[in-house]
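Chemist: I have a structure here, written as structure tokens, and I will follow up with some questions on it.
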Amino acid sequence: MAAGGSPDAALNFGDGAVLPYSPAKVKAAPRGRTSSWSSLLLLLLGRTRKLAKVRLLLAAGVLLVLVLLASQVGPLMGWNHQPSLSASSPSRDGYMVLINTWRRNSLLKKAVAHYASCPKTDAIHVVWSENDPPPESLKTYLRNIIMSRSRNSHKPKLQFDLNEEDNLNNRFKPINGLTNDAIFSVDDDLLVPCSTLEFAFTVWQTTPDTMVGFVPRMHWLDEQKNGVVYYKYGGWWSVWWTGTYSMVLSKAAFFHQKYLDMYTYKMPSTIHDYVTRERNCEDIAMSLLVANVTQAPPIWVKGKIHEIGSYGISSLAGHNKRRNNCLNDFISLYSAVPLVSTNIKAVDAREEWFW
Ligand SMILES: *[C@@H]1O[C@H](CO)[C@@H](O)[C@H](O)[C@H]1NC(C)=O
């Protein structure tokens, strides 16, 4: 399209290439389709003078066409989306949902109903920490709701882990009779949509030693006093702002069942005592434990999670100060800071609009 016309003006493409440009030719264009299109393009080039913008425009046009054609072309090319063949096996290809609950039966009912409906949920294990065991009526209700919500032929098994004492270490007690290695640990007031959960599960399967979750946190360097380095617990806003994290919280995360064993039997008992006394920080303890094993960061998975309760420990005043304290006290028990920070976030490519 650079041919013809006196080059009385030239287009600079920014990267050095120069094309002749004739305003007269642009105006006298309407002879044939091709020339009018190329003239229009030249006009656009002249106006924007930035190749990047033109590229964007062209890309947008191409994308629009692709989007319009995708539904027709995809199947013809054999690009049909294949839903995974998950249907009904009592499989190794599944996970146990480990729900921590405390005196919130209405939330527990909603959580069990939801997780029972996810196709890869193999079993549901409820950590119950009250003086009284769960009432029979609650158990019956939960069994029935699992039967009605699960679409698998193999219905998820329901187990209660009974603890008389309210102790957050209960949450990570080893579980007998597991049929698979994947644990999805979740609070009773958090619902993760099944498709999001399944995606996170596939991420975990590629790296089963790693914690894979939805609630990222960071240990920020705070100050150095008398040769000791102190860290600050970074909440959601600091992670959102910087895109940096080093922990994912066990309120919504996959991890290997071997860590239950390690948490209970191998972790220093000073940490158990601390968690019992402070009624807090079992999740930070688990993050440090896993990081000390893998010497690698966890993986944060993109996904919307829904909070159905309104009240939790993190809404109490002084929460951050206590979290700072545990973070530093726990780290001091390790010979080197085990946490590794990262900026990686796993996303489902099927849901990304722009490559
Ligand atoms: C961290 O891992 C090392 C190496 O496996 C182990 O020897 C050490 O006891 C662990 N530290 C803690 C505090 O668990």
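Chemist: Return the only residue of D283, D261, D273 being exposed (fewer than 14 other Cβ atoms within 10 Å of the Cβ), modelled with pLDDT of 95 or more and acidic (D, E).
Modeler: D273
Chemist: Just to verify a result, which residue in the range 139-189, among those that are in a helix (DSSP H, G or I) and open to solvent by less than 40 Å² (accessible area, probe 1.4 Å), is nearest to K258 (Cα to Cα)?
Modeler: F172
Chemist: Of the numbered conditions (1) within 14 Å of the ligand (Cβ to nearest atom); (2) open to solvent by less than 50 Å² (accessible area, probe 1.4 Å); (3) of a type in the set (S, T, N, Q), S332 satisfies every one except a single condition; which is it?
Modeler: Every condition holds for S332 apart from (2).
Chemist: Has the range 296-315 got at least one residue that is crowded, with 23+ Cβ neighbours inside 10 Å and either assigned to a helix (DSSP H, G or I) or among the polar types (S, T, N, Q) (or both)?
Modeler: no
Chemist: Among residues belonging to the range 276-300 that are more than 15 Å from the ligand (Cβ to nearest atom) and polar (S, T, N, Q), point out the one that is nearest to V347 (Cα to Cα).
Modeler: Among those residues, the one meeting the criterion is N280.
Chemist: Return the residues of the range 110-130 that are part of a helix (DSSP H, G or I) and farther than 16 Å from D161 by Cα; say none if nothing qualifies.
Modeler: K110, A111, A113, H114, Y115, A116
The values are calculated or read from the model by the stated rules, or taken from the named source; none is laboratory data. Because the structure is a prediction, the values reported are computed rather than measured. As a convention, Cβ positions derive from the backbone with ideal geometry for all residues, glycine included, and neighbour counts pool all protein chains shown. Surface accessibility is based on the protein's heavy atoms, side chains included, excluding ligands, DNA and RNA. Shrake-Rupley method; radii C 1.70, N 1.55, O 1.52, S 1.80 Å.
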